[in-house]
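These notes concern the structure reproduced below.
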Amino acid sequence: MAQALGYVTKNETGGFVGTLSMMSQKHNIRIVPNEAKETDAQPDFRVYTNDRVEIGGGWNRIGKASNKPYVSLTFAAPEFGSSKIYANLGRAAGQDDESVMAILWNPKN
């Protein structure tokens, strides 16, 4: 079952601003378009905390079943432990505003 780790709102630059919350960690974050992208291996977005620490990246993807675009996120920081955290931006449940997205973590069983 997917769990929301936070919520972001799309802004006029094509990026997102919001909050990432995990256990005792809560960060105001910005997901900004990567203007310096040169190869497919580099992220389409960079994820920063409000104090400008880079904690992740995001890649534009197309869903296999839905054929709809989404953003796949990867978070990595010492505060999160030794493992990377993988999540997706998805429509926030019960939200009428299409610019509000949930950061959805779907742990593997």
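The values are calculated or read from the model by the stated rules, or taken from the named source; none is laboratory data. As the structure is a computational prediction, the values presented were derived from the model and not from experiment. For neighbour counting, all protein chains shown are included, and Cβ atoms are generated from backbone atoms with ideal geometry for every residue, glycine included. These accessible areas exclude ligands, DNA and RNA; they are computed on the full protein's heavy atoms, side chains included. Shrake-Rupley method; radii C 1.70, N 1.55, O 1.52, S 1.80 Å.
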Next item on the list: Work out the charge dipole of the chain with +1 on the Cβ of Lys and Arg and -1 on the Cβ of Asp and Glu about the Cα centre, then indicate which of Gly6, Met23, Thr49 is farthest towards its positive end.
Entry: Met23
Check: Taking 0.36 nm per intervening residue step and subtracting the Cα-Cα distance, what contour gain separates Thr13 from Asn34 on full extension?
Finding: 6.4 nm
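At a 1.4 Å probe radius, carbon and sulfur cover how many percent of the accessible area of the chain?
With neighbouring chains kept in place, the figure for the chain is 49 percent.
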Check: Around Arg30, what is the net charge, scoring Lys/Arg as +1 and Asp/Glu as -1 over all other residues with Cβ under 14 Å from its Cβ?
Finding: -1
Checklist line | 15 Å tail of the calculated P(r), the stretch 19-93, as % of Cα pairs | finding: 59
Margin query: Run the reach check for Lys10 against lysines, Cα to Cα strictly under 21 Å, same-chain hits fewer than 8 apart removed. What comes back?
Written below: Lys26, Lys37, Lys68
Next item on the list: Just grab the label-to-label distance for Asn106 and Ser21, each label 7 Å out from Cα along the Cβ direction, in nm (one decimal).
Entry: 2.3
Notebook entry, point to check: How many Å² of accessible area per residue for the stretch 1-69, probe 1.4 Å?
Noted result: 69
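Can you tell me the order of 99-105, 51-57, 4-10, 38-44 when each peptide is scored by its average per-residue count of other Cβ atoms within 10 angstrom, highest first? Before the final figure, lay out the partial values.
On the way: 99-105: 19.3, 51-57: 14.0, 4-10: 17.6, 38-44: 10.9.
Result, highest mean first: 99-105, 4-10, 51-57, 38-44.
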